[in-house]
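Student: The structure's right below; bear with me while I get my questions together.
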Amino acid sequence: MIDSKLDISGARILVVDDQEANVQLLEQLLVEAGYTCVATTTNPTEVCALHRKNDYDLILLDLQMPGMDGFAVMAGLKTSETDSYLPVIVLTAQPGHKLRALQAGAKDFISKPFDLVEVKTRIHNMLEVRLLYRKLEAYAARLEQAVSERTAELRESEARYRSLTELASDWYWEQDETGHFTRVSGPVLEMLGIRVEPLVGTTSADGMTGWNEVERQAMLDMIAERQPFIDFALSRVDANGSLQRFRVSGEPMFNQSCRFIGYRGIGVETTARP
């Protein structure tokens, strides 16, 4: 609902009629009704250029004009409109033209000869709708901007999160929805059963040697069921016969449509150092 009379009274209105008497009558009526931004023209060929320049909230458009009738004017306005809303009330003395005008994009009509009460009422109602439409457009634009800014903030936050998790952990990994690794650091590949080149401190040619298979399989089962886990305990015996202990955390990832898109996790070695 329009909540301010200033919105209505300050609306930009253009009166278009080849009859100077009609133009003067409508202009006087609008001014007396409190409208402060009323423009007029008796030349229909000027309408499209005037609208591009002034972006009118309402155009009162006569249909019967020499050289270029109101239907041609509306066709021109449609090609130059920056939005899909055509703010036109047609003025006509021909009842048969009303339906055609509405089909051409006009939002309402005023019959000739003018009933002044009807004219003021239709104009006021039309402007309420038009200005509400503009407010909705502005709100949608602000909302889109807010969503864009928030999305950028979330992406930056996620980037910081990834950097911090990598710095604060001994390893970090991400998988896509098919289980393929898209980001890996540390011994996670061997932990999850992928053969890799020996890591520093590992002398076996098989990077999987030494892991507690019961623990490792339990973690793989949780990943297969898309369950989150925190500080899951894993252990292995290294090439020197020493027991290494680890704590691993992981979580499934979902997009905004709640579709599973992969997994990510971190881990730290908790082996007591001599």
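Student: Between rounded, prolate and oblate, where does the range 223-263 land on the alpha carbon gyration tensor, with a ≥ b ≥ c its root eigenvalues, rounded for a/c under 1.5, else prolate if a/b exceeds b/c?
Tutor: Working: a/c = 4.65, a/b = 3.55, b/c = 1.31.
In terms of gyration-tensor shape, prolate.
Student: Set Lys and Arg Cβ to +1 and Asp and Glu Cβ to -1, take the dipole of the range 22-83 about its Cα centre, and tell me which of A39, L58, V73 lies farthest positive.
Tutor: Sorting the options by dipole projection puts first V73.
Student: Once the Cβ-Cβ distance between F114 and S257 is put in as r, and R0 is 41 Å, what FRET efficiency do you end up with, to the nearest 0.05?
Tutor: Details: r = 55 Å, r/R0 = 1.34.
That pair, F114 with S257, gives E of 0.15.
Student: Please give the charge dipole size of the range 5-142, origin at the Cα centre, charges +1 on K and R Cβ atoms and -1 on D and E Cβ atoms. Round to the nearest 20 debye.
Tutor: Working: 15 positive and 18 negative charges, 95 e Å.
Magnitude of the dipole: close to 460 debye.
Student: Tell me, what ³J(HN,Hα) does each residue in the range 220-231 have, in order and in whole Hz, if you take phi through Karplus 6.51 cos²θ - 1.76 cosθ + 1.60 with θ = phi - 60° and put x for Gly and Pro?
Tutor: Per residue, the Karplus-derived 3J(HN,Hα) values read 4, 5, 5, 5, 4, 8, 6, 9, x, 8, 10, 6 Hz.
Student: Of K107/K135; K78/K120; K53/K112; K98/K135; K53/K120; K53/K135, which pairs sit farther than 24 Å apart, going by alpha carbon to alpha carbon? List each step's numbers first, then the result.
Tutor: Working: K107/K135 18 Å; K78/K120 26 Å; K53/K112 29 Å; K98/K135 29 Å; K53/K120 26 Å; K53/K135 20 Å.
In this structure, K78/K120; K53/K112; K98/K135; K53/K120 lie more than 24 Å apart at Cα.
Student: Tally Lys/Arg at +1 and Asp/Glu at -1 over every other residue whose Cβ is under 11 Å from the Cβ of F254; what's the total?
Tutor: Details: positive: R226, R259; negative: E177, E251.
Charge balance in the 11 Å sphere: 0.
Student: Still on this structure: Please give the peptides 132-139, 85-92, 244-251 ranked by average Cβ packing (other Cβ atoms within 10 Å per residue), highest first, as a rough proxy for protection.
Tutor: Values: 132-139: 12.5, 85-92: 22.0, 244-251: 17.8.
Answer by packing, highest mean first, reads 85-92, 244-251, 132-139.
Student: Still on this structure, please answer the following. What full-extension length gain, to one decimal in nm, is calculated for E46 and N125 as 0.36 nm per residue of separation minus the Cα-Cα distance?
Tutor: Values: separation 79, 0.36 × 79 = 28.44 nm, distance 2.60 nm.
Full extension from E46 to N125 adds 25.8 nm.
Read-outs throughout are calculated quantities, based only on the coordinates presented, and are distinct from any laboratory measurement. As the structure is a computational prediction, the values presented were derived from the model and not from experiment. Because the Cβ atoms are built from the backbone with ideal geometry, glycine has one as well, and the counts that use them run over all protein chains shown.
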